[in-house]
Amino acid sequence: MSRCLAERAIDHVVLERGEVANTWRTERWDSLRLLTPNWQSRLPGFSYNGADPDGYRTLPEVIAFIATYARTISAPVRTRTTVTSVRGTEAGYLVQTDQGDWACRAVVLASGAFNFACVPGFADRVPRSVATLTAQQYRNPGQLANGGVLVVGASSSGTQIANEIHRSGRPVTLSVGEHIRAPRVYRGKDLKWWMDAAGVLDERYDEVDDIARARRVPSLQLAGSPDRSTLDLNALVKIGVRLVGRLAGITENGRAQFAGSLRNMCALSDLKMNRLLNLIDEWVRVNELDDTTEPPYRLPPTYVEEAPPLGLDLTTGEIKTIIWAAGYRPDYSWLKLPVLDRKGMVHHDGGVVSSAGVYLIGTPFLRRRKSTLIDGAGDDARDLSDHLVSYLLSSPSRMRV
Ligand SMILES: Cc1cc2nc3c(=O)[nH]c(=O)nc-3n(C[C@H](O)[C@H](O)[C@H](O)COP(=O)(O)OP(=O)(O)OC[C@H]3O[C@@H](n4cnc5c(N)ncnc54)[C@H](O)[C@@H]3O)c2cc1C
């Protein structure tokens, strides 16, 4: 957004409570690699030109990449500056921070969609003998006591964390809710390549039937690893991870209760994956690429044991740690504008917020399916900065964004 505003000669400042790339420095586990290939993290005026376009950036590489981009575009970032409130004024907005106040005519909310890991209300019934961590607090298996681990959530974070912990010798039980299975490589190319080429990632927010639902869909069950292997539930079962249904509750005497819907959840996930692969096959056919592309195939269905356990006594010592990997939510506690819905989400139309001059960026399916990815920021920022310029021109007066 900063780059797009600079291109449009809009005087602006970027306020950041930590350092540049703060979330990657402070809220991710050590072994994380991007699940998007190197070529795919395209930002305005920047694309990958290294030797490994199909590789997946490690965490230090992601931090270096974002920090280098900020330097390259000379983004006017004020680090170690926490925004404590944003309020409307007669002239625009007053942004209060722990480093002084800013008056501005427009505000871009770019504080991230993943500020808190979701933890269910019944988490306070976890027995004291069991340690709990969120996916944001988890760093590596060395942090955990020896013994069993219950990982709650089986999308990209949960499956990657479960895989690493189980391989460390701590038996993992994985509680599986809604997720979308995905092969890493399909017909010889990265799944993300197909999704990009076939236009799936460019699908617009005003083209889908139910945008509220589309914004809640979990991330694809993908992981970036040097061997480009598929990390799905079958791969986890193969190494000994035990699958159970969605964690529905914890009784007062410390018994975890799992939904009986595991088989259905997995069947639905297989169905969604195959729908995506059908779409890719159709794109290959329409573009007459069948002869030059590897033939289509389908993964075997997700294996679910005959009668997965519906409960687990958390007081026996079998489970030493629970890791919450059931999704993330944003934090707008500092936003003192009447733009939040009942669930605390910003009400917006493709990033244009109902309070004039306020914009949102970086949230799932903001304007396009790819909005939740680094790669989606550029197109969204171009669109929103154009809107912002029109807004400023409609009531001229020189002031910062
Ligand atoms: C576990 C995980 C893995 C992911 N993997 C990928 C991937 O492989 N590929 C991909 O493209 N995307 C991935 N994403 C999505 C990716 O994080 C987002 O696309 C990207 O971070 C969005 O950038 P952002 O700047 O909008 O938000 P963020 O990276 O969340 O940055 C928001 C910034 O705002 C700051 N901030 C928040 N509140 C305040 C405040 N009150 N005052 C001042 N500053 C504040 C934060 O410190 C932070 O630096 C992943 C996300 C997660 C959670």
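So which residues in the range 23-35 are within 9 Å of the ligand (Cβ to nearest atom), out of contact with any strand residue (DSSP E or B) (no Cβ under 7 Å at 6 or more places or on another chain) and either without any contact (Cβ under 8 Å) to a residue 24 or more places away in the chain or open to solvent by 50 Å² or more (accessible area, probe 1.4 Å) (or both), if there are any at all?
R25, T26
Here are some residues: N234, N287, N264. Which one is at pLDDT 95 or above, within 20 Å of S157 (Cβ to Cβ) and not aromatic (F, W, Y)?
Result: N234 is the single residue among N234, N287, N264 that is at pLDDT 95 or above, within 20 Å of S157 (Cβ to Cβ) and not aromatic (F, W, Y).
Find the residue count for the range 150-203, including only residues that are assigned to a strand (DSSP E or B), out of contact with any helix residue (DSSP H, G or I) (no Cβ under 8 Å at 6 or more places or on another chain) and open to solvent by 10 Å² or more (accessible area, probe 1.4 Å).
Summing the residues that are assigned to a strand (DSSP E or B), out of contact with any helix residue (DSSP H, G or I) (no Cβ under 8 Å at 6 or more places or on another chain) and open to solvent by 10 Å² or more (accessible area, probe 1.4 Å) in the range 150-203 gives 1.
Please give the number of the condition T72 fails out of (1) open to solvent by 60 Å² or more (accessible area, probe 1.4 Å); (2) touching a residue at least 24 places away in the same chain (Cβ under 8 Å); (3) polar (S, T, N, Q); (4) within 11 Å of the ligand (Cβ to nearest atom).
(4)
For the range 214-250, enumerate the residues that are part of a helix (DSSP H, G or I), within 22 Å of N278 (Cα to Cα) and of a type outside the set (A, V, I, L, M, F, W, C).
N234
So in the range 36-45, with the set limited to residues that are assigned to a loop (DSSP other than H, G, I, E, B) and polar (S, T, N, Q), which one is farthest from the ligand (Cβ to nearest atom)?
So in the range 36-45, the residues assigned to a loop (DSSP other than H, G, I, E, B) come out as 36-37, 41-42, 44-45.
Those still in the list that are polar (S, T, N, Q) too: 36, 41.
Details: T36: 4, S41: 6 Å.
So, considering only residues that are assigned to a loop (DSSP other than H, G, I, E, B) and polar (S, T, N, Q), the one farthest from the ligand (Cβ to nearest atom) is S41.
Any idea how many residues of the range 36-50 are open to solvent by 40 Å² or more (accessible area, probe 1.4 Å) and among the aliphatic types (A, V, I, L, M)?
Selection size over the range 36-50: 0.
Out of the residues in the range 121-149 that are among the hydroxyl-bearing types (S, T, Y) and more than 12 Å from the ligand (Cβ to nearest atom), state the one that is most open to solvent (accessible area, probe 1.4 Å). So that I can check it myself, show each step before the final result.
The first filter runs over the range 121-149 and keeps only residues among the hydroxyl-bearing types (S, T, Y), leaving 129, 132, 134, 138.
If we keep only those that are more than 12 Å from the ligand (Cβ to nearest atom) too, we end up with 129, 132.
On the way: S129: 82, T132: 66 Å².
Per the criteria, the residue is S129.
In the range 368-381, how many are more than 9 Å from the ligand (Cβ to nearest atom), in contact with a strand residue (DSSP E or B) (Cβ under 7 Å, 6 or more places away or on another chain) and open to solvent by 30 Å² or more (accessible area, probe 1.4 Å)?
Adding up the residues that qualify gives 1.
Check whether at least one residue in the range 295-312 is within 16 Å of the ligand (Cβ to nearest atom) and open to solvent by less than 40 Å² (accessible area, probe 1.4 Å), and report yes or no. Working first, answer last.
Taking the range 295-312 as the starting set, the residues that turn out to be within 16 Å of the ligand (Cβ to nearest atom) are none.
Taking every residue of the range 295-312 in turn, none turns out to be within 16 Å of the ligand (Cβ to nearest atom) and open to solvent by less than 40 Å² (accessible area, probe 1.4 Å).
I'd like the residue in the range 1-10 that is more than 10 Å from the ligand (Cβ to nearest atom) and crowded, with 19+ Cβ neighbours inside 10 Å and, out of all such residues, is farthest from Q221 (Cα to Cα).
Among those residues, the one meeting the criterion is L5.
Only residues that are assigned to a strand (DSSP E or B), aliphatic (A, V, I, L, M) and crowded, with 20+ Cβ neighbours inside 10 Å: list them for the range 77-120, please.
Step one: of the range 77-120, the residues assigned to a strand (DSSP E or B) are 77-78, 83-88, 93-98, 100-104, 107-109, 116-117.
Still in the running and aliphatic (A, V, I, L, M): 77, 83, 86, 94-95, 103, 107-109, 117.
Across the range 77-120, the qualifying residues are V86, V95, V107, V108, L109, A117.
Within the range 260-292, work out how many residues are without any contact (Cβ under 8 Å) to a residue 40 or more places away in the chain and not in a helix (DSSP H, G or I).
Selection size over the range 260-292: 4.
So is S385 open to solvent by less than 60 Å² (accessible area, probe 1.4 Å), assigned to a loop (DSSP other than H, G, I, E, B), modelled with pLDDT of 95 or more and more than 12 Å from the ligand (Cβ to nearest atom) or not?
So S385 does not fit the description; no.
Could you please let me know if P295 is farther than 24 Å from D202 by Cα and either of a type outside the set (A, V, I, L, M, F, W, C) or assigned to a loop (DSSP other than H, G, I, E, B) (or both)?
Yes; evaluated as a whole, the condition is true for this residue.
So, in the range 53-65, how many residues would count as being more than 13 Å from S225 (Cα to Cα) and either more than 12 Å from the ligand (Cβ to nearest atom) or open to solvent by 40 Å² or more (accessible area, probe 1.4 Å) (or both)?
Within the range 53-65, residues that are more than 13 Å from S225 (Cα to Cα) and either more than 12 Å from the ligand (Cβ to nearest atom) or open to solvent by 40 Å² or more (accessible area, probe 1.4 Å) (or both) number 4.
Check V20, V13 and return the single one that is over 25 Å from K192 (Cα atoms), within 25 Å of the chain's Cα centre (by Cα), within 13 Å of the ligand (Cβ to nearest atom) and surrounded by 15 or more Cβ atoms within 10 Å (Cβ to Cβ).
Every option except V20 fails the conditions.
Among the residues of the range 347-364, count how many are within 13 Å of the ligand (Cβ to nearest atom) and either out of contact with any strand residue (DSSP E or B) (no Cβ under 9 Å at 6 or more places or on another chain) or of a type outside the set (F, W, Y) (or both). Let's see the steps before the verdict.
Let us first name the residues in the range 347-364 that are within 13 Å of the ligand (Cβ to nearest atom), namely 351, 359-364.
Remaining after also requiring either out of contact with any strand residue (DSSP E or B) (no Cβ under 9 Å at 6 or more places or on another chain) or of a type outside the set (F, W, Y) (or both): 351, 360-364.
Total meeting the criteria: 6.
Give the residues of the range 197-225 that are within 16 Å of the ligand (Cβ to nearest atom) and acidic (D, E), sorted by residue number.
Hit for the range 197-225 is D202, nothing else.
Give the residues of the range 121-145 that are part of a loop (DSSP other than H, G, I, E, B) and either farther than 26 Å from G169 by Cα or not charged (D, E, K, R) (or both), sorted by residue number.
V126, P127, S129, V130, A135, Q136, Q137, Y138, N140, L144, A145
The values are calculated or read from the model by the stated rules, or taken from the named source; none is laboratory data. On a predicted model such as this, the values are computed, not experimentally measured, just so you know. Cβ: placed from backbone, ideal geometry, glycine included. Neighbour counts: every protein chain shown. Note: accessible area is taken over every heavy atom of the protein model, side chains too, but ligands, DNA and RNA are not part of it. Shrake-Rupley method; radii C 1.70, N 1.55, O 1.52, S 1.80 Å.
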